[in-house]
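> Right, I'll just put the structure down here and ask away after.
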Amino acid sequence: MKDNTSFVCPTPMPIFYGLCRYGIHNLPLVLFLLLSTGIMTGVKAQNIYTIDVSVAHKEILRGHLDLGGESVTGESIEVNSYYIERNGKPFFPVMGEFHYSRYPNQYWDEEIKKMKAGGINVIASYVFWILHERQEGVFNWEGDLNLRKFVELCGKNDVEVIVRIGPFAHGEMRNGGLPDWLYGRPFEIRSNDPGYLFYASRLYTQVAQQLKGLYFKDGGPIIGIQLENEYQHSAAPWSLHYMGSEKEWSAARFDRKIIQGGVGVNEMGNDYRAYGQEHMKTLKEMAKKNGIEAPIYTATGWGFATIVEKGSIPVSGGYAYPTWVSSDVPSTLYLYKDLHRNPDYSPVSYNPELYPSMAAELGTGMCITYTKRPRVPAESFLPLMVRTLGSGTNGLGYYMYHGGTNPSDGPLYYTEGFGYTNKSYDYQAPVREFGTPGQGFYSLKLVNYFLQHYGSILAPLPTLLPETNSRITPADTATLRYAVRSDGMKGFVFMHNFQDHVVTPDLHNLQIKIKTREEEISIPETGSFKMKTGTSVILPFNIEFSGLPVKYATVQPLCSFVNAGEAYHVFFSVEGLSPEIVLKVPLTKIKTYGATAFQQNGNTLVSGEEGRVFECTIDLPGEKTHFLIIPAEKALNAYLTGKPGYQYLMISESLVLEENEVINLMSKGKEKWEIEIYPQANTLTALNANIMPLKSMNLYMTKWNVSVPKAVPAVKLTMTDDRHMVLAAGDLDLTNLNDVFIKFNYRGDRALCFLDGELQTDNFYIGEPWLIGLKRFAPRLQEHDMVFYFIPMRKNAAYLSYFNKDILPDFKNENEFLQITDYEIIPEYKVSLTIK
């Protein structure tokens, strides 16, 4: 609760007492100090929020779910009522959606490495039935449809897999992924009708053949199978329809009154729920009979969708900027709640407290339609994850994490019939259509790394909500939004200051008091903090790091590793919170670099300057532990590299990918950049670049300059008229480059890219540049030019209501507007390094 507002001096209490002491004898000195510290310029009101976590309790059930399994390697996965366990310990999956069929297979390996670098440990992917069986009875598992190759590459990169086997998928695919030839058959689809089950079983048989030997039980990477999708909740329109006719939905007729076009709330209930449960049970039995076995089965849980009762984990989602809702009303997705008791998009068809809360589709982007074009701000991603974690989820899943391009057969497009782009499936995702990391890739890395390294501590902790939480509405921008996950002694505080479709102001002079079973912890102990607009943070209290107890920290844990027998923990500071760590360790055992340390109430408080790097080392008999604190701006560009036992933190503006013991740096448009390595690396060898050591401001890190010769790609763009540009790239040489991108800055209705008369990708304008990668087209560009076609936006276009004023054109007296401001040709450099 927010139990009081007090007026406080902004200086630490020891200084205040000193002022009082000096004031007795020296009034001029007091006045000078008061003015210099700002006390006389305005006394600030402190907003104190309190929460009692001493009552924390979570009853965890085991053995009631038909889930879990063992591997031939001796590993085990079990599922209890609150979290997943791996080898008897809590396991926190961080799942990113990437559709293999929407990306060229020759680049899958690189893209999987990008996802792993972003902190993803599980990749989820749909098997789109319509693509694999375009002609009835003829299956295709080759090229970009080679499911087995994709899963094997995930395994090679130590990334696990959840295969979403359908039969229905949705995923903005034509018919929701059901084959065209299934339309009009004399049976009910998505039901237990024997006619439908015959074809569904044949699909499962094919999938099983492709995945043989790749399951967890075999020592393979497949830990999960999703059955169906949004069953008895959502459907897609059949592609065979007539202009002016009503849409026919890809669902059984008895379900059509409750199905929706997107994710939402179902207040109607479901008269056929029992039938739906039988169908989902049938699909699981059919999958297992065909050999599709995994320790985890999932099914959509939101909006009264039907699951396999006690035989699947009901997964949740959250989309704050959907196209299936016409209004811009702020969502409730940024308000904390107990998701284990009350999932988003409730009511649900199951008892949620029997299953872990797992989010499979948190909307890190959106597939826009021609008439509805919400731009999903990348700064919305991280606060949504912090809120969802604080609310009790024990699995994060991003939809999409990696964008792609829809396949097509000449002029036959496989996009869903809602007015989406015919080819592009960019989705505004953290990794975009052509493999370029966006802003969301970097911000999500902050929480992904945290979960990989500290998720096992977090998973068992229940959610506790302050009394103020029940009064907060989406429009409330004055009350601190926070929750705590704790067992009554230790835990994490989750805070954010963001709301979709609302501007949130900075919140000043904040302090949180946490009542545990043994003490009250104030964060911070003296003074206050600020939550700037758009920010979010996760703060630990009474957590042990390598056995060292931390009373609290105003910096967020990022990752941990071991190098040459010494333990390292990396934290990052957030603007508005003065960085400090309070250690329950004697001051005499701590050495600081770039920081100060002093004894406070029996503990040692280590503090540094906001926006600066600092380190402290705790040297105890037989063990040495390091705490590195870096600003959030550096954390965004931080990557953990190396093999277990000899790992480093690398900070680089270039993308950092690993291939065995080789580190590949991808730099888009910059031929010179700097990297920092922690702890110090004595030898850095570049295989195809110039490297030069630089003097580092931090003695515990090494700094290097990396440079390559500037490349001028052999491409030529010609504007043939006001709507067309032609690219000639017959001599394009990618020998020393990873890719070449064309970036168009334009304002218009849409843009299309053609090669040899076929549409390759397309773009609905939403106020950001259009970026196209050329390497996938390089062989065909030797013989054909690429044509770009830009179409003006109309003055009466419905989508204009989605645009901010800064991108709305001045039509003046014209009915249409098109502006191609400029373009850039951007080489992407690739440099390979080794560290010793």
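The values are calculated or read from the model by the stated rules, or taken from the named source; none is laboratory data. What you are looking at is a predicted structure, and each value in this text was computed from that prediction instead of being measured. Neighbour counts are summed over all protein chains in view; Cβ atoms, including those assigned to glycine, are modelled from backbone coordinates with ideal geometry. What goes into the accessible areas is simple: the full protein's heavy atoms, side chains included, and nothing from ligands, DNA or RNA. Shrake-Rupley method; radii C 1.70, N 1.55, O 1.52, S 1.80 Å.
> Using only Cα atoms, locate the centre of the stretch 649-709 and the centre of the stretch 339-401, then give the distance between them in Å, rounded to an integer.
Computed from Cα coordinates, the inter-centre distance equals 36 Å.
> Determine the dipole magnitude for the stretch 707-836: charges of +1 sit on the beta-carbon of Lys and Arg, -1 on that of Asp and Glu, nothing else is charged, the reference point is the Cα centre, and the result goes in debye to the nearest 20.
Charge dipole of the stretch 707-836: 420 debye, to the nearest 20.
> Using a basic spin-label model with each label point 7 Å from the Cα along Cα→Cβ, how many nm lie between SER801 and ILE691?
If labels sit at SER801 and ILE691, their model points lie 5.6 nm apart.
> With a 1.4 Å probe and all protein chains kept in place, how much accessible area does TYR370 have, in Å² rounded to the nearest 10?
80
> While we're looking at this one, here's another question. Taking a 1.4 Å probe, which of LYS836, LYS695 shows the most accessible area, and what order do the others take after it?
LYS695, LYS836
> Right, another one. Net charge within 11 Å of GLY311 by Cβ-Cβ distance, Lys/Arg positive one each and Asp/Glu negative one each, not counting GLY311 itself?
So the environment of GLY311 carries a net charge of +1.
> With unit charges on the beta carbons (Lys and Arg positive, Asp and Glu negative) and the dipole taken about the Cα centre of the stretch 190-337, which residue among THR205, ASN229, GLN260 sits farthest to the positive side?
THR205
> In bins 20 Å wide, starting from 0, what share of all Cα pairs of the chain does each bin hold, as a percent?
14, 46, 33, 6, 0
> Could you tell me which of rounded, prolate or oblate describes the stretch 694-770, using a ≥ b ≥ c as the square roots of the eigenvalues of the alpha-carbon gyration tensor, with rounded for a/c under 1.5 and, failing that, prolate when a/b is larger than b/c and oblate otherwise?
prolate
> Based on the Cβ-Cβ distance of VAL138 and GLU758, what FRET efficiency does E = 1/(1 + (r/R0)^6) give at R0 = 22 Å, to the nearest 0.05?
That gives a FRET efficiency of 0.45.
> Hey, how many Å between the Cα centroid of the stretch 724-740 and the Cα centroid of the stretch 269-286?
Using only Cα atoms, the two centres lie 52 Å from each other.
> Moving on. Once phi is turned into θ = phi - 60°, what whole-Hz ³J(HN,Hα) does the Karplus curve with 6.51, -1.76 and 1.60 give for every residue of the stretch 806-812, x standing for Gly and Pro?
Using θ = phi - 60°, the values come out as 5, 10, 6, x, 8, 6, 6 Hz.
> Compare the Cα positions of THR596, ALA797, VAL662 along the charge dipole of the chain (+1 at Cβ of Lys, Arg; -1 at Cβ of Asp, Glu; about the Cα centre) and return the one farthest towards the positive end.
Checked the options; the winner is THR596.
> If you put +1 on each Lys and Arg Cβ and -1 on each Asp and Glu Cβ, how big is the dipole of the chain around its Cα centre, in Debye rounded to 20?
Rounded to the nearest 20 debye, it is 1220 debye.
> To make sure I understand the rule: partners must be lysines, Cα under 27 Å from the Cα of LYS515, and not fewer than 8 residues away in the same chain. Which ones qualify?
LYS2, LYS44, LYS58, LYS337, LYS490, LYS530, LYS532, LYS551, LYS584
> What number do you get for the stretch 219-349 when its Cα radius of gyration is normalised by 2.2 N^0.38 Å, N = residues?
1.16
> Moving on. For a Förster distance of 45 Å, can you work out the FRET efficiency between the beta-carbons of THR596 and GLU661, rounded to the nearest 0.05?
Step by step, r from the Cβ atoms, then E = 0.70.
> How about LYS812: which lysines have a C-alpha closer than 16 Å to its C-alpha, ignoring those fewer than 8 places off in the same chain?
LYS795
> Let's test the formula: R0 of 60 Å, r as the Cβ-Cβ distance of SER546 and ASN813. What FRET efficiency results, to the nearest 0.05?
Efficiency computed from Cβ-Cβ geometry: 0.30.
> LYS372 accessible area, nearest 10 Å², 1.4 Å probe?
Result for LYS372: roughly 60 Å² accessible.
> By how many nm would the segment from SER832 to THR479 grow when fully extended, if each residue of separation counts as 0.36 nm and the alpha-carbon distance is taken off?
122.2 nm
> Of THR641, THR371, THR282, THR73, which has the most accessible area with a 1.4 Å probe, and how do the rest follow in descending order?
The most accessible residue leads, giving THR73, THR371, THR282, THR641.
> Under 16 Å from the Cα of LYS591, which lysines turn up, not counting those fewer than eight places away in the same chain?
List returned: LYS624.
> I've got another one for you. Please report the carbon-and-sulfur percent of the accessible area for the stretch 575-628; probe 1.4 Å, protein heavy atoms only, DNA, RNA and ligands left out.
48
> OK, next. Working out 0.36 nm times the residue gap between MET489 and GLU353, then minus their Cα-Cα distance, what length gain in nm do you get to one decimal?
Answer, rounded to one decimal: 46.7 nm.
> Which net charge results for the neighbourhood of SER424, defined as the other residues with beta-carbon distances under 9 angstrom from its beta-carbon, given Lys and Arg at +1 and Asp and Glu at -1?
Residues near SER424 contribute -2 overall.
> Would you kindly state how much longer the chain becomes between LYS247 and LYS589 on full extension, computed as 0.36 nm times their sequence separation minus their alpha carbon distance, in nm to one decimal?
Length gained, LYS247 through LYS589: 116.0 nm.
> What is the local net charge at ILE112, summed over the other residues whose Cβ is closer than 15 Å to its Cβ (Lys, Arg +1; Asp, Glu -1)?
-3
> Please list ASP739, ASP810 from largest to smallest accessible area, probe radius 1.4 Å, with all protein chains kept in place.
Per-residue accessible area, sorted high to low, gives ASP810, ASP739.
> Looking at the calculated P(r) for the stretch 223-272, what percent of the C-alpha pair distances fall above 14 Å?
So the portion of pairs separated by more than 14 Å is 56 percent.
> Could I ask something else about it? In degrees between 0 and 90, to the nearest 10, how far off the longest principal axis of the chain does helix 27-37 point, with axes built from Cα atoms?
Rounded to the nearest ten degrees, it is 10.
> Sequence gap of 8 or more, or different chains, plus Cα separation below 16 Å: how many lysine pairs satisfy both in the stretch 639-787?
11
> How many angstrom lie between the C-alpha centres of the stretch 61-133 and the stretch 169-204?
Centre-to-centre (Cα) distance: 25 Å.
> MET692: accessible area at probe 1.4 Å, nearest 10 Å²?
Answer for MET692: close to 120 Å² accessible.
> What whole-number value in Å² describes the accessible area per residue of the stretch 619-705 for a 1.4 Å probe?
49
> Among VAL537, LEU727, PRO809, which residue has its Cα positioned farthest towards the positive end of the charge dipole of the chain, with +1 placed on the Cβ of Lys and Arg, -1 on the Cβ of Asp and Glu, and the dipole taken about the Cα centre?
Checked the options; the winner is VAL537.
> Something else about it: Can you compute the helix-only [θ] at 222 nm over the chain? Use -39500 (n - 2.57) per DSSP H run of at least 4 residues, normalise by all residues, nearest 500 deg cm²/dmol.
Mean residue ellipticity at 222 nm (helix-derived): -4500 deg cm²/dmol.
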